[in-house]
1. Given the conditions (1) at pLDDT 95 or above; (2) over 19 Å from GLY178 (Cβ atoms); (3) not polar (S, T, N, Q), and given that ILE227 satisfies all but one, which numbered condition is not satisfied?
2. What are the residues in the stretch 175-219 that are part of a helix (DSSP H, G or I), modelled with pLDDT of 95 or more and not charged (D, E, K, R), if any?
3. Please determine whether any residue of the stretch 137-157 is over 20 Å from the mean Cα position of the chain (by Cα), of a type in the set (S, T, N, Q), in the same structural domain as GLN306 (by TED's automatic domain parsing) and not in a helix (DSSP H, G or I).
4. Inside the stretch 155-173, can you point out the residues that are under 23 Å from GLY137 (Cα atoms) and of a type in the set (D, E, K, R)?
5. Looking for whichever is of a type in the set (A, V, I, L, M) and closer than 22 Å to VAL53 by Cα here; the options are LEU114, LEU186. Which one fits?
6. Find all pairs meeting these conditions: Cβ atoms under 6 angstrom apart; at least six residues apart or on different chains; first residue within the stretch 275-301 and in contact (Cβ under 8 Å) with a residue 24 or more places away in the chain; second residue among the acidic types (Asp, Glu).
7. Any residue in the stretch 135-162 that is under 17 Å from ASP109 (Cβ atoms) sitting within a Cβ distance under 6 Å of a residue that is in a strand (DSSP E or B) and of a type in the set (Ser, Thr, Tyr)? List the pairs, counting only those 6 or more apart or interchain.
Amino acid sequence: MSETRAMSVPLAPDELPPGERIVTIGTFDGVHRGHRRLLDRAVQRGQELDLPVTGVTFEPVPAAVLRPEAFSGRISTPEEKLERLAEAGLDEIVVVPFTVELSRWSPEDFMAWLQEKTNLRELWVGEEFALGKDRAGTVERLTEIGAGLGFRMVAVPRLTNGQEVVSSSRVRTAVMNGDVATARRLLGRPFRVEGEVVHGQHLGRAIGFPTANVAPPAGLAPLADGIYAAWGWLPGDQTPRPAVAYIGSRPTVDDGDRMVETHLLDFDGDLYGQTLATELLERIRPDARFDSIEDLIAQMQIDKAQARDVLRVIG
C-alpha cells in the first residue's frame with residue numbers, strides 16, 4: 001500500500017491497524033539477497049491483493065539469546081536491519097522481543113498469537129524456516145496450522161549463488177575470514193561498519209595517513225584483521241568516497257584497542273564526532289608487524305595504490 005510503504009519506525013504487535021495483511025517473518029540478519037527475494041515476492045503479492053505487507057522480525061537475534069557462547073556475531077546492527085527492511089518496500093515492520101520464554105512457545109500458540117495481532121491472510125517464509133519450541137513449526141506444520149487458523153502458507157525456495165546457498169551463516173563466515181568480496185556478493189552490497197569518529201593517538205596524520213577511527217559496533221561479527229579497499233560515507237554524501245581501511249590493533253606501534261581506521265583518499269578535513277560508514281569491498285592483505293615505522297609507511301603506500309586499483313575495477 002503506497003501510503004504506508006517503507007515505514008522506518010518499528011511497531012509493536014499491538015500497534016498494528018485493523019485489517020488483513022500479508023506477513024513475512026524471519027530473523028533477517030543482514031537482509032541478504034536470499035532475504036530480499038523473499039521480501040520482494042511478498043511485496044509483489046501484497047500489490048496483487050491490494051493488502052499491506054508486514055515484516056515480523058525478532059530482537060535480539062535468537063541465536064544470541066539461545067546460544068550466546070556459540071554465536072559469533074551479527075551481520076548488521078538492529079538499526080541497519082530495520083533500514084534494509086524498509087528499503088525492501090514493507091508497509092509495516094513489527095519487532096518482537098525475543099526471549100528464552102518466547103522460544104518455548106509451541107508453534108500453535110505462536111501462530112494463534114500472530115494471527116490475533118496481524119490478521120494475516122498469507123504467511124511468506126523461506127523454505128527452511130521453522131519456529132517454536134524445538135523448531136517444531138516447520139513449513140509443513142505451519143501449513144497445517146494455517147489451514148486451521150485461516151491463512152495460506154507460502155514457502156520461497158532458498159537462493160543459491162552458484163553452488164553455494166545464500167544464507168546469513170555463510171555471510172558471517174566470509175566476514176570473519178576477511179573474504180568481504182564473497183560477503184558482498186551474498187549480501188548484494190558491501191558489509192558495512194558504522195559509528196562515530198573518535199580520537200586516537202593521531203599517529204596516522206603524523207606519518208601522512210590520517211584515519212577516521214570507529215569502534216566496531218558491539219555484537220557485530222568480527223572482521224578479520226587487515227587492510228581493505230573500501231568506500232566511506234559521511235552524512236549527506238550522495239556518492240561514496242574512495243578509501244582504504246585498516247582493521248586491527250596496530251601491532252607495529254602500540255598493540256592498542258581494536259579499531260576500524262578508515263583513510264579517505266584525496267580528503268582533508270576534521271571528522272571527529274561525525275558518523276562514518278565504511279563499506280569493505282576487498283581485503284588487500286592480512287595485518288602484519290613491521291620492523292620500523294619507515295617499513296610501515298612504505299607498505300601503506302603500496303596498500304593505498306592497490307586499494308585504488310580495486311576501487312577502479314569495482315567502480
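1. Failing condition for ILE227: (2).
2. VAL175, MET176, VAL180, ALA181, THR182, ALA183, LEU186, LEU187
3. So in the stretch 137-157, the residues over 20 Å from the mean Cα position of the chain (by Cα) come out as 137-157.
Narrowing further to those that are of a type in the set (S, T, N, Q): 138, 143.
Filter once more, so that each one left must be in the same structural domain as GLN306 (by TED's automatic domain parsing): none.
Checked against the condition, which is being over 20 Å from the mean Cα position of the chain (by Cα), of a type in the set (S, T, N, Q), in the same structural domain as GLN306 (by TED's automatic domain parsing) and not in a helix (DSSP H, G or I), the stretch 137-157 yields no hits at all.
4. Of the residues in the stretch 155-173, the ones under 23 Å from GLY137 (Cα atoms) are 155-159, 165-169.
If the condition is that a residue be under 23 Å from GLY137 (Cα atoms) and of a type in the set (D, E, K, R), then ARG158 is the only one that fits.
5. Among LEU114, LEU186, only LEU114 is of a type in the set (A, V, I, L, M) and closer than 22 Å to VAL53 by Cα.
6. THR275/GLU196; ALA277/GLU194; ILE284/ASP303; ASP287/ASP225
7. Pairs that qualify, where the first residue is under 17 Å from ASP109 (Cβ atoms) and the partner is in a strand (DSSP E or B) and of a type in the set (Ser, Thr, Tyr): there are none.
The values are calculated or read from the model by the stated rules, or taken from the named source; none is laboratory data. The structure presented is a predicted model; accordingly, all values stated were derived computationally and were not measured. Note that we place each Cβ from the backbone using ideal geometry, even for glycine, and neighbour counts take in every protein chain shown.
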